[in-house]
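S.K.: Quick one: the structure is below, and I'll ask about it shortly.
The values are calculated or read from the model by the stated rules, or taken from the named source; none is laboratory data. Keep in mind that what you see is a predicted model, and the values were worked out from it rather than measured. A quick note on method: Cβ atoms are made from the backbone with ideal geometry, for glycine too, and the neighbour counts reach across all protein chains shown.
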Amino acid sequence: MLGQRAVGAAPAIRAVAEHLPFPDSAAEAVLAVLTVHHWADWRSGLDELRRVAPLRVVLTYDPLRHMEQWLIREYVPEVAEVEAGRPRFDQVCERLGASSIIELPMSRDFSDGVMGAFWCRPHAYLDPRVRQHMSGLALLPEEVVGPAMRRLADNLASGSWAREHRDLLHAPEYDAGFRLVISRDWPCLPSAPLFHLVAAHSS
C-alpha cells in the first residue's frame, strides 16, 4: 500500500502496533481497522494506541455474533478454531477503555470483502478469489473449505439455501458483529477538526 501512495502525500511510517515509534500523546487520534485480531500481542497494541493519542477509534467485531453467520454455522464451523486464539470483544473494549460502541450493520451491496460481506449474495463465497481475502477461511485447509463450498453450491442449485434463508433475501441490512469502538480521554479534545490519524497495523 505504501507503493500506491501519491507523490507528495503526507509521510508514512511502517511499524507494528505493539511498538508505535511515536512519543506519548503524539497524535490527536489513532485508527485501527479490522486488525486487532491479527496482532501478535493485542494487549500491548491497544496500550500503545492509548499511549500515543487521547482519541482511539477501533473497527473490530464481536466474535460471538460473528459465529452466528449462516456461512460459519452451517458450512465452516471450523472457523471457531481460528477464532479460539483471538481476543474476545469485551476484552478489547475493556483494555481500550471504551467510552462508546457503535453497531455497524452491513448493507446488501456492502463492497468490502470481509467474511460477512456477502450475507445475501451466497454465490460469491464459491469464488476462491473472494475467499482468499477472508482470514477465517484462508487459514483453514482446503480439505475443510472445499467440501463445504461444494455443499453450498449444491444447496444453491437446489434452492434449499433460498428456502432456509428466505428472511435474508429482502432484508435491507445484516448485523455480522462489526463494531466501532471509541475510546476517549477526558477532558474532551479541542473543537478543531481532527485531520491527523495514525493507522495501526501488525507485521
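S.K.: I'm trying to understand the selection: among the residues of the range 57-78, which are over 16 Å from the mean Cα position of the chain (by Cα) and either under 11 Å from GLY177 (Cα atoms) or among the basic types (Lys, Arg) (or both)?
M.R.: ARG73
S.K.: Here is a further query. When the residues of the range 92-117 are filtered to those that are in contact with a Leu (Cβ under 8 Å, 6 or more places away or on another chain) and of a type in the set (A, V, I, L, M, F, W, C), which remaining residue is farthest from PHE178 (Cα to Cα)?
M.R.: Across the range 92-117, the extreme among qualifying residues is LEU96.
S.K.: Could you please tell me which pairs satisfy a Cβ distance under 9 Å, a separation of 6+ or placement on different chains, a first residue in the range 1-28 that is under 20 Å from ARG43 (Cα atoms) and modelled with pLDDT of 90 or more, and a second residue that is of a type in the set (A, V, I, L, M, F, W, C) and surrounded by fewer than 10 Cβ atoms within 10 Å (Cβ to Cβ)?
M.R.: Going by the 9 Å Cβ cut-off, there are no qualifying pairs.
S.K.: In addition: Return the total of residues in the range 1-40 being closer than 20 Å to VAL57 by Cβ and charged (D, E, K, R).
M.R.: Selection size over the range 1-40: 3.
S.K.: Just give me the residues in the range 120-168 being under 17 Å from GLN69 (Cβ atoms), of a type outside the set (A, V, I, L, M, F, W, C) and under 25 Å from the mean Cα position of the chain (by Cα), in sequence order.
M.R.: If the condition is that a residue be under 17 Å from GLN69 (Cβ atoms), of a type outside the set (A, V, I, L, M, F, W, C) and under 25 Å from the mean Cα position of the chain (by Cα), then ARG121, PRO122, HIS123, TYR125, ARG131, HIS133, SER135, GLY136, HIS165, ASP167 are the ones that fit.
S.K.: Can you find even one residue in the range 136-155 that is part of a helix (DSSP H, G or I), modelled with pLDDT under 95 and surrounded by 15 or more Cβ atoms within 10 Å (Cβ to Cβ)?
M.R.: So far as the range 136-155 goes, yes, one or more of its residues are part of a helix (DSSP H, G or I), modelled with pLDDT under 95 and surrounded by 15 or more Cβ atoms within 10 Å (Cβ to Cβ).
Results for (1) closer than 30 Å to VAL130 by Cα; (2) touching a Pro at 6+ places or on another chain (Cβ under 7 Å); (3) of a type outside the set (Asp, Glu), shown as yes or no for each residue.
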site	(1), (2), (3)
ILE13	yes, yes, yes
PRO21	no, no, yes
VAL33	yes, no, yes
ALA40	yes, no, yes
LEU46	yes, no, yes
ARG50	no, no, yes
ASP62	yes, no, no
GLN69	yes, no, yes
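S.K.: A follow-up question, please. Any residue in the range 157-173 that is under 24 Å from GLN91 (Cα atoms), of a type outside the set (A, V, I, L, M, F, W, C), modelled with pLDDT of 90 or more and not in a strand (DSSP E or B)?
M.R.: no
S.K.: Oh, and also: Hand me the list of helices (runs of 4 or more DSSP H) wholly inside the range 46-127 holding 3 or more residues that are at pLDDT 95 or above.
M.R.: Result: 70-74, 89-96.
S.K.: Could you check GLU48 against (1) among the charged types (D, E, K, R); (2) more than 30 Å from ASN155 (Cβ to Cβ); (3) without any contact (Cβ under 8 Å) to a residue 12 or more places away in the chain and say which number it fails?
M.R.: Single failed check for GLU48: (3).
S.K.: Of the conditions (1) farther than 23 Å from GLY85 by Cα; (2) crowded, with 19+ Cβ neighbours inside 10 Å; (3) aromatic (Phe, Trp, Tyr), PHE22 clears all except one; give me its number.
M.R.: Condition (2) is where PHE22 drops out.
S.K.: Which one of these does SER160 not meet: (1) surrounded by 15 or more Cβ atoms within 10 Å (Cβ to Cβ); (2) of a type outside the set (Val, Ile, Thr); (3) over 30 Å from ARG51 (Cα atoms)?
M.R.: (1)
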